[in-house]
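These notes are about the structure you will find just below.
The values are calculated or read from the model by the stated rules, or taken from the named source; none is laboratory data. Quantities reported herein were computed from a predicted structural model and do not represent experimental measurements. Here the Cβ positions follow ideal geometry from the backbone for every residue, glycine too, while neighbour counts run over all protein chains shown.
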Amino acid sequence: MRWRIYSAACFLMFAAAVCSARPPAEVDGAAFTSVPELTSGFRSLYLQNFTEAREKFAAWESQHSDEPFGEVAIAASYLFEELYRQGVLSSDFFLNEKRFLHGIEGKPDAARMKSFQEALDQARKLAKARLAINVKDSEAFFALTMTAGMESNADMMLKKQHMESLKRLKEGNEYAKQLLTQQPDANDAYVALGTANYIIGSLSGGARFFLMFGGVHGDKKLGMQQLGKTIDGGRYLQPYAKILLALAARREKQNPLAQKLFRELSEEFPESPLYAAEYAKAMGRPIPAEMHP
C-alpha cells in the first residue's frame, strides 16, 4: 500500500519539479534569458526531434562548459524522449488510473537512462561548484531543482522506485522554493510545484493525510493554477506546462480547457503528430492514421 502512495506523489515534470525563470535584470545566465540556440533546441525537443535537440544543446554546452544549464537540457532531452516513447505524455496514460498512479509497463531503455543519469550527475556537479562560490547562485538553484524534478519523475514513472521518487520530489520542491524566494517571478518553477500539487491532490483523503507527515501536501486546484502561471510567464518550459495542464484537464473533465491548450500546441508545433492527435481525442474525433504519434 505504501509504495502506491509514494508512486502517486510524483509525476513527470520533465521532470518533475522543473523550472526556468525571469529574474532581475542583473542576472543574465542561460536559465534566465532567451538564448537562441537553447530556444531552438527546446523547439526541436517539443517536435520530438530528440537527436537534433541534443546536438543543439551539446553544441551550446561545449562553449559554456562551466554552466549547468547545458547538461540540464541534455538530460531533459533523454527523459522527454523516454516518456514520449513509453506513451506517458498522452491522455491514454493520464486517463488510465493504474498507469497514472503506478508508472509504465515493463522497463525503460537502459542506454537512454544511463545517458540521462550521466547528464544529471554532471549538472549537479557544476551547480554545487557554483554554490561553493556563491550560496545564492540562482543558476545553481535552477539546475538543482531541474535535476531533482527530472530524477523524481524517472524514478516514479519509469524505474518505479517509489521511495527514491518521493525523496527527490521533496528535494526539488525545496530548491524551487529557494529559487522563488530570491526571484518571485521565476514562473517556470511552478511546473515542479504544480505537478506535485496536482498528483498528490489526486489521491484519496487517507493517502494525502499520510503524506502530510512527510511534509508533502497536495491540492489539485492549486496545482492546475500553478501550471497556469508557467503558461502565462514561462520561457523554455511553457509548452511543457501546457501539455501537463491539458492532460490534467482531461482527467478533470474540463474538456474546453484541454481543447484550447492542445489546439494551441498543435498550431505552435504543426509538424508534431502528438498534439494534433491529443487535440482530436479531446474533441471526440477519430484520429487519422497520419496523425498517430
Task: Residues within the range 183-198 that are of a type outside the set (Phe, Trp, Tyr), at pLDDT below 80 and in a helix (DSSP H, G or I), tallied - done: 8
- [ ] Determine if the range 92-106 includes at least one residue that is modelled with pLDDT of 90 or more and within 21 Å of Thr39 (Cβ to Cβ).
- [x] no
Task: Residue among Ser20, Ser34, Ser65 that is buried (at least 22 other Cβ atoms within 10 Å of the Cβ), modelled with pLDDT under 95 and of a type in the set (S, T, N, Q) - done: Ser20
TODO: Identify, by number, the condition in (1) free of Cβ contacts under 8 Å to residues at least 40 places away in the same chain; (2) in contact with a Lys or Arg (Cβ under 8 Å, 6 or more places away or on another chain); (3) not in a helix (DSSP H, G or I) that Pro270 doesn't meet.
DONE: (2)
Task: Qualifying residue in the range 127-137 (condition: farther than 16 Å from Leu237 by Cβ and touching a Lys or Arg at 6+ places or on another chain (Cβ under 8 Å)) - done: yes
Task: Subset of the range 249-276 that is hydrophobic (A, V, I, L, M, F, W, C) and over 26 Å from Asn49 (Cβ atoms) - its residue that is surrounded by the fewest Cβ atoms within 10 Å (Cβ to Cβ) - done: Leu257
Task: Hits in the range 103-141 - residues which are over 17 Å from the mean Cα position of the chain (by Cα), within 23 Å of Asp185 (Cβ to Cβ) and surrounded by 14 or more Cβ atoms within 10 Å (Cβ to Cβ) - done: Ala127, Arg130, Leu131, Asp137, Ser138, Glu139, Ala140
- [ ] Test Leu144 against the stated conditions and say whether it is modelled with pLDDT of 80 or more, assigned to a helix (DSSP H, G or I) and either under 21 Å from Glu105 (Cβ atoms) or over 16 Å from the mean Cα position of the chain (by Cα) (or both).
- [x] no
